[in-house]
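For reference, the structure is listed below as structure tokens.
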Amino acid sequence: MGSRLLLGMHWPRDLVVATLISWLLVTLATWLAQRICGPLMPPREEAQEIAEREQES
């Protein structure tokens with residue numbers, strides 16, 4: 001991004017707005033994925049197995 005600013009291809013405002021829009025889109029996509037697919041948690045059987053391994057270590 002900085003190189004485009006130095007080369008005069010974009011105004012600083014363009015870069016700030018593009019960064020904010022990108023952040024908003026990533027946040028929205030992450031929220032939608034969690035709403036549709038649910039939280040990223042392992043199934044119960046795997047969670048129990050992981051807990052047992054951690055206790056052994």
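Derivation of every value follows stated rules applied to the coordinates shown; laboratory data play no part. Keep in mind it's a predicted model, so treat the numbers as computed, not measured. Positions of Cβ are generated from backbone atoms using ideal geometry, with glycine treated the same way; all protein chains shown enter the neighbour counts.
So here's what we get for this one:
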{"read-out": "Rounded FRET efficiency, nearest 0.05, which uses the C-beta distance separating LEU40 from TRP11 and R0 of 30 Å", "value": "0.20"}
{"read-out": "Tilt relative to the chain, helix 44-56 - C-alpha long axis, 0 to 90 degrees, to 10", "value": "80 degrees"}
{"read-out": "Cα centre as origin, Lys/Arg/Asp/Glu Cβ charges: the range 2-56 dipole, Debye", "value": "640 debye"}
{"read-out": "Highest-MSF residue in the chain out of ALA33, ALA47, ALA18 [GNM, Cα springs under 10 Å]", "value": "ALA47"}
{"read-out": "Distribution of pairwise C-alpha distances over the chain, 5 Å bins, in %", "value": "4, 16, 12, 10, 9, 9, 9, 9, 7, 7, 7, 1"}
{"read-out": "Dipole of the range 2-56 [Lys/Arg +1, Asp/Glu -1 at C-beta], most positive-end residue of PRO42, SER3, SER22", "value": "SER3"}
{"read-out": "Estimated distance in nm for a label pair at ALA29 and ALA51, the labels positioned 7 Å out from Cα along Cα-to-Cβ", "value": "3.4 nm"}
{"read-out": "The chain, helix-only ellipticity at 222 nm - DSSP H runs n ≥ 4, -39,500 (n - 2.57), divided by all residues, nearest 500", "value": "-25000 deg cm²/dmol"}
{"read-out": "Degrees separating the helix 12-37 axis from the principal Cα axis of the chain, which is the longest one", "value": "20 degrees"}
